[in-house]
Every structure is written in C-alpha cells, then in structure tokens.
Amino acid sequence: MNNIFGIFSKSIKTPDVRKKLLFTAAIFVVFRIFAHIPVAGVNLDALKSLFSQNQFLGLLDIFSGGTLANFSVMALGLNPYINASIILQLLTMVFPKLEALSKEGESGRQKINQYTRMLTVPLAILQSIGMYALLRSQGIISTLSTIDIISFVATMTAGTMLLVWLGELISEKGVGNGISLLIFAGIVGRIPVIFGQTLSTVNAANFFNLITFLAIGLFVIASIILINEGTRRITVYYAKRVRGNKMYGGQSTHLPLRVNQAGVIPIIFAVSLVLLPSVVANYLTASPNRFLSNLAATITGLFDPNGAFYNGLYFILVVGFTYFYTAVIFNPKKIAGEIQKYGGFIPGIRPGTPTASYLNYILTRITLAGAIFLGTIAIFPTIARAFTNVQTLMLGGTGILIVVSVVLETIKSIEAQLVMRNYEGYNKK
C-alpha cells in the first residue's frame, strides 16, 4: 500500500506524468457528462426495472460504463468495440495474413486497430436495432417512424464511436489503457449510489450481514490480486555462440506463465451464452401460442439466476472458455520455436517438440486454478447474497475483477513511465 501511495506521490511531482493524469481526469469528466444525456422517448423508470430483472443487460451496463441504465447517447458503450476486438483476435488465429500483420510491430498494430474500428460500426448498428426491438417489446419505448429509427440508430452508433475515440485519446496522451479506464470509471461511478441504497436499508437485524458481506468483498479483492499477479516462472538458458570476435548468449532468463492468462474474457463469453435462453424466453412469453408461452415459462424457471442449474452451467462454461481463450492467446509450439530459434533451452527438456509438450503440460495445470477461480468469481454474487441475505449491495464478481485488474495495470503503467523518465534524465547527465 505504501508503494502505491509512493508511486502516485512521485507521479504528482513529475510534470510529464502529472500532465497525463490531468488529461485522463478531464476525459473522465467529459465521459460522465455524456453519460447523463438521455435519448429522447425512453421511459427511464421502466428501463431501470427491466435492468434489475435482467442480468445480461446488467453485464452490458458494466461494459458500457454505466451509460446503458441511464440510456444516454452512449448507451451501447464499448460493447461493439469489445466484440470487434474479440472477433479480430479470433480471426488472427485463422487467417495467416492477419497473423503476419500482427507481427509487424507498431504499423501492424495500427492497421489491426483500424480494422477493429471499422468492424465496430456495423456491430454498433446491429446492437442498436436489437436494443430498439427489446425496448419496444417491453413497452419502454413507443413505436417510432422509419426516420426516427434511423436517427435512434445513428445516435447510438455515434455515441459508441465517440467513446472509442475518448478511450484512444487516453491511451495516446493519458495514462494506461483508455478503454479499460472508461469501463473502470463507469463501475466506480455507480458505487456511491449502490452504497447509498444499501445504507438506507440498514438496521440492527441486518447490520452483521452487511459487515460480513463487506469482509467477503475484501477477501475477493485480495484473491483477485493474488491470482492476477500469480505466475509460474520457467527458467530458460541460452547457449553461448561466437560470431566473429564477439560472444553471444550464455545467460539465463525466465518465461512467466500467468495463472490467469485469459483475464475477464471467459466470463463475457460464458454469460452471453448462459443468458441467451432467458432473453429468447422474454420474447416468447407474450406469444399467443400456448406451447411457446409454456416453453418460455419453463426456460425462465430453469435459467433462474439464483438457481443451481443456472449457476452450475455458468461455472462450467467459464472453465471451458478459460481453457479455450488461453489456447488462443498462448501457443506453446510457437513459444518453443522462438526459444529454439535463439539457441535457448529449458534445463532437462530437449528443444522443439518436447519443449512445446512441456509448456503445454505446465500451462494446462496452472490454467485449471485460474479457470476454477474465474468460475467462482462469476457465480460469487449469488453465493454472497445467499449467505448474507444482502440484496441491495450487488457485489458483482466481474465488476470487481475489472476494477482491480485496471488499477493494477494503471499503477504498472505509471511506474513504467516514472522509470523511463528517470532513465532518460540519467542519460542526459
């Protein structure tokens, strides 16, 4: 904790870093202003009631930075951009040209970012149309004319692209990853409201439960930090090579394998699938066909967010997607090839295929711990509410995971900039 305060103290005293922090804060102010500009024609009271009953919309609200519950001009938030990023990451593993582009350094990264922004536009349009259909079916928004629908979709799409631009401004001129920081700002911005609602219901009977709930929350935060920072370090030695009159290699380094390689992505994938039946059931409930309406009622009961079937399936999907996404972003054969290319080897393991098999063996086992942890975090809100009976303080495991991860990432970014500035100052002397 003292180290964290020391880093922020040094950053405030450093002109360059202080300027970036102030710029980031200014972007936050702009973001929160737009987050409170509502779209015309929406019944906000009915919308909040819908969000309290639908966890899928609640998760989308997390990634929109809290703008979806208010249905502001940025109501779609960064969801289309996140989906576009995930699609591009998966396509990179399928198409060799995209994979080669990702290896071209800064120029390749800029081209992939441009493709991501281009893909964000049609995804934002589709999600805007879907959002209009959902709100109209729930009676939250009235039937609009064709021109009004086009205006509605254009407003939602423009709000998303503005939010993406603000995020990229933070990444370029501010501190940390702009997209992550905007999501972080939206989650943190709702904390005072949630605590205010909880404190208004506190009495002598449930005070102990509230304290227990907060203690569990602190334990979860400590666990997230432990898992996010946890790595298995594999020693790699490089053989000595003589080129001309110079000798290269002969040193050792470490290959860090993180316990949680996938981050929060598996939870996003899993919740999208496990909540899809409930979304479909909401449309079928009002069907005049008795068979369809009964089927919708059965699906709704089966996929009750507080039920054992829902949480069990949710947990299994998170574990499965953790392994899937880890396999996508970490390729043992490629890493083994890179080690062999530069004359490296793991002690006791032959280079090439045996090294790839060894890395896969280690990764499979440490990923199990990360997968079980993510699955527990995903279903943690249901467990916490069942044990403490505190319903108003919605302690979302996904939200906590995002907040803690972004804070750790931002602190590392600030620390890296301070180290770089000191290094540059040392060279000038």
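The values are calculated or read from the model by the stated rules, or taken from the named source; none is laboratory data. Here the structure is a predicted model, which is why all the values come from computation and not from measurement. Heads up, the Cβs are rebuilt from the backbone with ideal geometry, glycines too, and the neighbour counts pull from every protein chain shown. What goes into the accessible areas is simple: the full protein's heavy atoms, side chains included, and nothing from ligands, DNA or RNA. Shrake-Rupley method; radii C 1.70, N 1.55, O 1.52, S 1.80 Å.
Here are a few things to note about the model shown:
- Counting only residues that are more than 15 Å from T364 (Cβ to Cβ), among the aromatic types (F, W, Y) and open to solvent by 70 Å² or more (accessible area, probe 1.4 Å), the range 314-341 holds 0 of them.
- Residue that is modelled with pLDDT of 55 or more, acidic (D, E) and out of contact with any Leu (no Cβ under 7 Å at 6 or more places or on another chain), where the choices are E424, E409: E409
- Count - residues of the range 289-324 that are among the charged types (D, E, K, R) and assigned to a helix (DSSP H, G or I): 1
- Some residue of the range 43-64 being at pLDDT 80 or above, open to solvent by 50 Å² or more (accessible area, probe 1.4 Å) and part of a helix (DSSP H, G or I): no
- Selection within the range 342-367 - of a type in the set (K, R) and either open to solvent by less than 30 Å² (accessible area, probe 1.4 Å) or under 25 Å from the mean Cα position of the chain (by Cα) (or both): R365
- Scan of the range 332-375 for residues that are free of Cβ contacts under 8 Å to residues at least 60 places away in the same chain and in a loop (DSSP other than H, G, I, E, B), ordered by number: G348, I349, R350, P351, G352
- Residues that are open to solvent by 40 Å² or more (accessible area, probe 1.4 Å), in contact with a Leu (Cβ under 8 Å, 6 or more places away or on another chain) and modelled with pLDDT of 80 or more do not occur anywhere in the range 133-149.
- Any hit, the range 383-397, residues being modelled with pLDDT of 80 or more, surrounded by fewer than 18 Cβ atoms within 10 Å (Cβ to Cβ), among the β-branched types (V, I, T) and closer than 21 Å to T322 by Cβ: no
- Count of the range 149-167 residues, restricted to those that are touching a residue at least 12 places away in the same chain (Cβ under 8 Å) and either under 17 Å from M118 (Cβ atoms) or of a type in the set (D, E) (or both), is 8.
- Tallying residues that are among the aromatic types (F, W, Y) and under 16 Å from E168 (Cα atoms) within the range 103-134 yields 1.
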